[in-house]
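First comes the structure, then the notes that go with it.
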Amino acid sequence: MEQNTVAVVSLVSGVVSILLGMCACGMGFIPIVNFLSWLPMGLAGILSLVAVVTGGLGISKANQMNGAGKGQAIGGLSLGCLGVMFMALNIAIIFGAMAMLGIASVAGG
């Protein structure tokens, strides 16, 4: 039985991106270590995009392989999209905290 490796990569990168996104989201609430959240957020963003791309490729490959790994590819694609939403939330939290501390002006004025 053939294995859809692209689907497995999608699922694993999607799970890791969610875990890193949640870690960065928690760090974003603490203003003193807020700047440290850029590292896990950046890694989560990259892995989320990897999960989305490989999820689409995995679904395409699963259709050629009579559905092998299609659920994993869909799961990775879904988690990758959720990871992108975490990244957007983290960016909003970071800029909001910076504006509250007077570090940066969000309105541009």
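Of the candidates ILE103, ILE59, ILE32, ILE94, the single residue that is of a type outside the set (Phe, Trp, Tyr), buried (at least 18 other Cβ atoms within 10 Å of the Cβ) and at pLDDT below 90 is ILE94.
Figure legend. Inter-residue proximity from segment 83-96: first residues closer than 26 Å to SER10 by Cβ, second residues outside any helix (DSSP H, G or I) and at pLDDT below 80, beta-carbon distance below 8 Å, spacing 6+ or different chains. No pairs are indicated.
The values are calculated or read from the model by the stated rules, or taken from the named source; none is laboratory data. Quick caveat, the model's predicted, so the values are computed rather than measured. Here Cβ is always computed from backbone atoms with ideal geometry, including for glycine, and neighbour counts include all displayed protein chains.
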